[in-house]
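A.B. asks: Just passing along the structure, written as structure tokens.
Please treat every number below as a calculation from the coordinates, not as lab data. Predicted, not measured: the structure shown is a model, and the values here were computed from it. Every residue, glycine as well, gets a Cβ built from its backbone with ideal geometry; the counts of neighbours run over all protein chains shown.
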There are 2 protein chains.
Amino acid sequence: MKLYDGGRAPNPRRVRVFLAEKGITVPTEQVDLGKLQQRSDAYTAINPMQRVPALVLDDGTVIAESIAICRYFEALQPDPPLFGRGALQSALVEMWNRRVEFHLFLPVATVFQHLHPAMKIMVDPQVAQWGEANKPRVFDFLRFLDGELNGRPFVAGAQYSVADITAFIAVDFMRVSKLAVPDELVHVRRWHEAVSARPSASA
Amino acid sequence: MKLYDGGRAPNPRRVRVFLAEKGITVPTEQVDLGKLQQRSDAYTAINPMQRVPALVLDDGTVIAESIAICRYFEALQPDPPLFGRGALQSALVEMWNRRVEFHLFLPVATVFQHLHPAMKIMVDPQVAQWGEANKPRVFDFLRFLDGELNGRPFVAGAQYSVADITAFIAVDFMRVSKLAVPDELVHVRRWHEAVSARPSASA
């Protein structure tokens, strides 16, 4: 198999951190997003959505979408469980991963895509008003998350999960979007320090 | 358990169609979105995201997010499988469900939320330029999907799955967003007719 990876972009990083937590190594090939290589004919043939990452299996089957790739490896190697175990825990991890995706990761990415000058070549049209409208959403969700993390160590409960990976990378991505976690959100800051200290964080 | 449902809104409908395909009946309570009841104190205590649906278990645990609720029922009652079986099929269903969510369902919802006058009370600010920018995304994805459905009966492969539910409801939702599937996309139209003819479609 081969993983088409995308350097510092947040979605490829989700898969790399996931694999590091699992202790899985996969041959990778870098797709140069700065050169818009994800829109090349060669890569479009692999993933018509022109997005990274994508995993190509030995028989040529392509699995795109970060979380689909993560789920594939979770099924191949269930330990340590990063999507929860059992009906309830799995549902709660899914709930939290989605809450973080839709109310933190997506707004942070929207601020970047619609306000950062470097994204002009990739996002057409950039809608500055939409970028601005997403800033308060980021802080609303972080305040909510801070209350939740007051009562437990990780985003979805007592165990580190894929929801922590999504949230951790979204928070790191805030810097590029010129946003910062407010000082008073002490539980988010404590959690972010803890997940950043894991060996997987450098993946 | 009790399912907090939301009438004609697309996300609650995803769960109802899923349950109908499984043959599962759950006691429900309607949340009146027209009256913004999802923002009431009572409902905010159930789901702080102020969104429907939400499933409350007998011990008070809340599972929010449509797909998290679906996964919970999939784990309780695996037949018929709607998230795929085995590592590869499950990953492909996840990939397709996410492609449909991000490149069809979300753009269709964005057109509705940012351009429909009735959504002014719920979406602040409405950004008309962002609504307009999402129209071509809908058609780009439908054209891509049409090519895929040329070779297989359902969105994620040979079997009906949750990706069909997401896509079917997104296509139905196009009407409210004043968008229509172009006549020439014959494979999408054939697929939409087939999924619309299933008994679950009226759920």
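A.B. asks: Between A:M1 and A:Q50, how high is the FRET efficiency from 1/(1 + (r/R0)^6) when r is the Cβ-Cβ distance and R₀ = 22 Å? Nearest 0.05.
C.D. replies: Values: r = 21 Å, r/R0 = 0.94.
Taking R0 as 22 Å, the efficiency between A:M1 and A:Q50 is 0.60.
A.B. asks: Moving on. Expressed as a rounded percentage, what relative contact order does chain A have, with Cα pairs under 8 Å and six or more residues apart?
C.D. replies: In percent, rounded to a whole number, it is 21.
A.B. asks: Let me ask something else about it. Where does chain B land at 222 nm, in deg cm²/dmol rounded to the nearest 500, when only DSSP H runs of n ≥ 4 count, each adding -39500 (n - 2.57), divided by all residues?
C.D. replies: -16000 deg cm²/dmol
A.B. asks: Continuing with this model, one more query. How high is the FRET efficiency between A:E193 and B:R175 when r is their beta carbon distance and R₀ equals 41 Å, given to the nearest 0.05?
C.D. replies: Efficiency, rounded to the nearest 0.05: 0.25.
A.B. asks: Find how many whole Å separate the alpha carbon centroid of region A:24-81 from the alpha carbon centroid of region B:86-117.
C.D. replies: Cα centroid of region B:86-117 versus Cα centroid of region A:24-81: 18 Å apart.
A.B. asks: I want to verify a result. In a Gaussian network model of chain B, Cα cutoff 10 Å, which of these has the top mean-square fluctuation: B:P80, B:P125, B:P12?
C.D. replies: Checking each option, the largest mean-square fluctuation is seen for B:P125.
A.B. asks: So how strong a dipole does the protein assembly as shown carry about its Cα centre when Lys and Arg Cβ are +1 and Asp and Glu Cβ are -1, to the nearest 20 debye?
C.D. replies: 460
A.B. asks: Can you tell me, using C-alpha contacts under 8 Å and at least 6 residues apart, the relative contact order of region A:86-198 as a whole percent?
C.D. replies: 31
A.B. asks: So what is the relative contact order for region B:1-121, in percent, with contacts set as C-alpha pairs under 8 Å and at least six apart?
C.D. replies: Computed over region B:1-121, the figure is 22 percent.
A.B. asks: Let me ask another. Using the Cα centre as the reference, give the magnitude of the dipole from point charges on the C-beta atoms of region A:2-76 (Lys, Arg: +1; Asp, Glu: -1; all else neutral), rounded to the nearest 20 debye.
C.D. replies: 320
A.B. asks: Using the Karplus curve 6.51 cos²θ - 1.76 cosθ + 1.60 with θ = phi - 60°, what ³J(HN,Hα) values do you get for each residue of region B:144-150, in whole Hz, with x for Gly and Pro?
C.D. replies: The phi angles translate into 4, 4, 4, x, 5, 6, 5 Hz.
A.B. asks: Along the positive direction of the dipole of chain B (beta-carbon charges: Lys, Arg +1; Asp, Glu -1; about the Cα centre), which of B:L33, B:F83, B:G60 reaches farthest?
C.D. replies: B:L33
A.B. asks: Based only on other Cβ atoms within 10 Å, what is the fewest-to-most ordering of B:R99, A:R175?
C.D. replies: By the 10 Å Cβ count, ascending: A:R175, B:R99.
A.B. asks: Using a simple charge model, +1 on the beta-carbon of Lys and Arg, -1 on the beta-carbon of Asp and Glu, nothing else, what dipole does chain B show about its Cα centre, in debye to the nearest 20?
C.D. replies: Magnitude of the dipole: close to 300 debye.
A.B. asks: If you don't mind, another one. Could you list the square roots of 5 times each eigenvalue of the Cα gyration tensor of region B:86-188, that is, the equivalent ellipsoid semi-axes, sorted largest first and rounded to whole Å?
C.D. replies: Taking √(5λ) for each eigenvalue gives 27, 15, 10 Å, largest first.
A.B. asks: Let me ask another. Can I get the semi-axes of region B:31-159's equivalent ellipsoid? Compute them from the C-alpha gyration tensor as square roots of 5 times the eigenvalues, in angstrom, largest first. Don't jump to the answer; show the numbers that get you there.
C.D. replies: Details: eigenvalues 166, 137, 15 Å².
Semi-axes (√(5λ), whole Å): 29, 26, 9.
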